[in-house]
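The values are calculated or read from the model by the stated rules, or taken from the named source; none is laboratory data. All figures in this text were calculated on a predicted structure; none of them were measured in a lab. All Cβ positions, even for glycine, are placed from backbone atoms using ideal geometry, and neighbour counts span all protein chains on display. Only protein heavy atoms, including side chains, enter the accessible area calculation; ligands, DNA and RNA are left aside. Shrake-Rupley method; radii C 1.70, N 1.55, O 1.52, S 1.80 Å.
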Amino acid sequence: MGRLRFLFENMVTDEDMITVSSLTAGMVSLPIKGSSTSSGPYGQASMDTAGNYDGQIDRQYVVEIDGVSFGYEIGQATFKWSDNGGLTWNQQGVTTVSSFYTLSHNVQIKWTAGNGYDFEIGDRWNFIAFNNFNAGRTLELDRDTRYRSASVALGGELVTNGDFASDITGWNNHGSLVYETFEWSSGRLHAANTTGYGLLGTDDNIAVTAGKLYKVTFTIDKVSGQDVAIVLAQALNSAELTAKAWFDSGTHTFYFNPAVTENTVFECYNNAASEFYLDNVSIKEVPNYIDIDLGAESDAIVDEDCTDISDWGDSDVNGASVQTTEDYHEVFELAVASAANGNYARRYRTITGGWDGDHTTIIIKLKHSLINAFANLNYFSLQAAPHATFSFYAYFASDGLYINNGSGGQLVSGSTVRNGSWQEWKFVIDHSVKGSETCDIYLKDSYGNDTEYSLVASGVACDHNAADAAGILRLTQYGYSVSGVATYVDFLQIYNDENPLSHEVQALVFYDHNLTSNAVVNIKASDDNKFTKPEVSETLTYNASKILHYLAGTYNYRYWRIEIDDHNNPDGYIELGELYLGTYLELSKNVSVRHDRSLESLLSASQTSFGVNKRRFYNLRRSWNFQYHLLGDDDLFDLINMFETITDRSAGMIRPVYFNLDPDSSDTFYLVEVDKLPQTTSFNNLTDVEVDLREVLRSV
């Protein structure tokens with residue numbers, strides 16, 4: 001049994017951080033009529049509202065008559081409308097209509113003529129479009145509210161002839177990597193090779209859409225030899241869209257998040273002798289996933305996702321810098337095809353304003369091809385100038401990372417820069433003392449499957465006194481002596497902060513859910529909002545009603561996706577009461593072995609004149625009393641900090657917390673109220689703390 005844990009710091013703090021792929025339809029209220037100009041007189045037309053609202057947040061609509069120059073009747077007067085309470089206007093000068101006109105999110109309006117003039121300038125109608133089951137309900141910690149999806153059914157079949165019912169039409173044996181046996185056999189595809197390579201797959205006819213979620217299933221019956229590699233690709237023996245994985249006999253499933261909208265192929269591959277049968281190949285869209293954007297603690301000066309290069313200046317010299325895709329990512333590619341002195345590919349832009357703190361953090365994710373030693377001038381360079389007298393230079397070469405300290409590039413760390421693998425670098429620059437600038441350098445290396453930054457070096461001198469214009473930002477790939485040298489940039493972020501992305505995540509909570517035991521729930525995390533090849537991917541263990549999942553590590557990623565496949569759920573929808581994505585508190589000491597707990601019935605009672613008791617049972621409530629003995633200052637501070645964090649005097653509320661008595665069991669996991677923390681401090685300055693917890697209940 002582990003130590004008791006509390007979960008109270010949800011990194012998901014606002015419904016705007018959540019996007020759901022499927023949402024049950026909402027409703028539109030009746031309109032309330034008024035005027036923006038006076039208390040009357042009003043036109044005599046009445047407005048009707050309708051529609052199955054599909055917005056993810058509640059919205060206030062305003063419709064106002066803005067023109068009567070062509071007449072005061074329906075079809076003559078014009079209106080403007082807003083879906084944010086009138087802060088901005090979505091459209092203006094729209095002709096009034098007597099049949100339904102669609103505004104946004106399937107909200108519709110129309111007018112019915114009255115006696116006399118239909119409209120006056122300034123006639124205004126206000127109404128609300130709302131959804132009692134939107135994703136924001138999962139953040140309320142109110143067990144009587146919940147999110148509900150629109151459906152659970154998988155999409156239509158995208159693979160043609162994946163069951164091989166009568167033939168293998170639509171499947172191809174690759175011309176240069178053929179399987180020696182490639183045939184239909186009793187409702188299955190039979191493939192075999194004895195000499196080495198084999199490659200087969202579908203025609204290029206599987207249409208997928210960027211950002212959506214797809215379920216890929218297939219059955220392999222291996223007769224002998226090597227396992228079978230399965231991959232989705234742009235075409236046979238072309239760019240791979242999923243990481244290649246090897247499968248033995250059995251029915252297998254994986255989930256695919258395409259980065260771009262395109263046609264794909266399902267591909268089988270061997271590079272050694274193998275014989276197998278393939279059957280039941282299926283790709284279908286999964287309707288339910290939850291995307292979470294935790295954002296940044298501080299506003300980014302630069303937040304470049306490398307999907308559009310048009311706002312960067314181009315100053316290539318016999319090089320090329322373009323926007324393209326690499327390893328399922330949209331990237332900037334800077335490449336020099338032919339080597340010669342003075343050749344480079346460069347993109348630049350000027351950042352105006354914002355470089356005003358004492359610290360700047362630069363985060364960049366890179367993949368290099370054919371860069372070599374720094375002295376050979378085939379390296380990649382990052383240059384950023386916070387102000388006119390200081391310019392930060394980092395050089396990425398095959399023999400290490402170099403930083404310009406005013407005397408040229410100085411080696412900071414050898415053997416850290418790699419060709420052929422993605423590396424995420426973080427530079428925390430201290431330029432509070434002009435002329436003595438230093439930086440701390442961190443690295444996440446995909447080659448080592450890193451999920452957290454490792455410190456490369458600290459206090460590195462980077463005081464390059466340059467004559468560059470303030471705010472200049474340059475990305476340069478040099479190619480003086482190597483042809484085909486290139487660097488891919490996945491993203492670039494710059495912040496006026498030492499720790500702009502401090503969203504630590506250790507646990508996920510699904511509370512009050514309706515998932516069945518057949519549900520598959522995956523949680524993924526990524527540096528960008530594409531999950532084709534996520535940095536974190538874990539599968540949750542099912543538990544009825546509530547799921548607590550501790551991640552394999554402490555992760556700091558901005559983008560998270562929760563995939564939910566429960567396509568046979570008898571309710572016909574996914575329902576979730578509370579969602580938590582954040583950290584947990586575990587003190588250095590556990591609570592005492594002996595503790596009090598209670599289970600009480602909640603009921604009302606009355607008594608007749610004859611003394612007969614009439615009792616109505618409503619619910620059961622659990623409560624606990626725990627004792628911490630002889631806590632030190634750090635543990636006591638953490639407990640008090642938790643209590644202060646969950647209280648909000650201005651809102652007049654105290655938020656519930658989750659607690660897990662035994663981290664090895666989600667059956668001892670509850671949402672509870674904490675009202676007080678009685679403390680007794682002894683002469684040795686150690687403190688006993690009593691914790692009273694009371695379960696938060698739901699009505700139904």
Top-ranked residue of the stretch 432-450 - restricted to ones that are loosely packed, with under 14 Cβ neighbours inside 10 Å and closer than 29 Å to SER526 by Cα, ranked as nearest to the chain's Cα centre (by Cα): ASN449
Give just the number: which of (1) closer than 16 Å to VAL456 by Cβ; (2) at pLDDT below 95; (3) open to solvent by less than 40 Å² (accessible area, probe 1.4 Å) does ALA385 not satisfy? (1)
Would you tally the residues in the stretch 350-382 being surrounded by fewer than 16 Cβ atoms within 10 Å (Cβ to Cβ) and either part of a strand (DSSP E or B) or touching a helix residue (DSSP H, G or I) at 6+ places or on another chain (Cβ under 9 Å) (or both)? 1
First in the stretch 164-182 and closer than 16 Å to PHE276 by Cβ and touching a residue at least 60 places away in the same chain (Cβ under 8 Å), second anywhere and assigned to a loop (DSSP other than H, G, I, E, B) and among the small types (Gly, Ala, Ser), Cβ under 7 Å, 6 or more apart: PHE164/GLY187
Looking at the stretch 243-326, what strands (runs of 3 or more DSSP E) fall wholly within it and have at least 3 residues that are open to solvent by less than 50 Å² (accessible area, probe 1.4 Å)? 250-256, 262-271, 274-286, 288-293, 300-304, 320-326
When every residue in the stretch 451-478 that is among the polar types (S, T, N, Q) and not in a strand (DSSP E or B) is compared, the one surrounded by the most Cβ atoms within 10 Å (Cβ to Cβ) is THR451
Select from the stretch 42-63 the residues that are within 38 Å of the chain's Cα centre (by Cα) and of a type in the set (Gly, Ala, Ser) and write down the one among them that is farthest from SER151 (Cα to Cα). ALA50
For ASN84, indicate whether it is touching a residue at least 12 places away in the same chain (Cβ under 8 Å), open to solvent by 70 Å² or more (accessible area, probe 1.4 Å), assigned to a loop (DSSP other than H, G, I, E, B) and not aromatic (Phe, Trp, Tyr). no
List the strands (runs of 3 or more DSSP E) inside the stretch 104-220, counting only whole elements, that have at least 2 residues being of a type in the set (Phe, Trp, Tyr) and open to solvent by less than 60 Å² (accessible area, probe 1.4 Å). 123-130
Tabulated pairs, the stretch 627-649, first touching a residue at least 24 places away in the same chain (Cβ under 8 Å), second of a type in the set (A, V, I, L, M) and open to solvent by 30 Å² or more (accessible area, probe 1.4 Å), C-beta under 8 angstrom, 6+ apart or interchain: LEU630/LEU686; LEU631/LEU686; GLY632/LEU686; ILE646/ILE654
Of the residues ASP512, ASP571, which single one is of a type in the set (Asp, Glu), touching a residue at least 40 places away in the same chain (Cβ under 8 Å) and assigned to a loop (DSSP other than H, G, I, E, B)? ASP571
Test HIS503 against the stated conditions and say whether it is under 25 Å from THR539 (Cβ atoms) and at pLDDT below 85. yes
Say whether the condition of being open to solvent by 30 Å² or more (accessible area, probe 1.4 Å), over 24 Å from GLY582 (Cα atoms) and not β-branched (Val, Ile, Thr) is met by at least one residue in the stretch 655-677. no
For LEU548, work out the one condition from (1) open to solvent by 20 Å² or more (accessible area, probe 1.4 Å); (2) within 22 Å of THR145 (Cα to Cα); (3) assigned to a loop (DSSP other than H, G, I, E, B) it doesn't fulfil. (3)
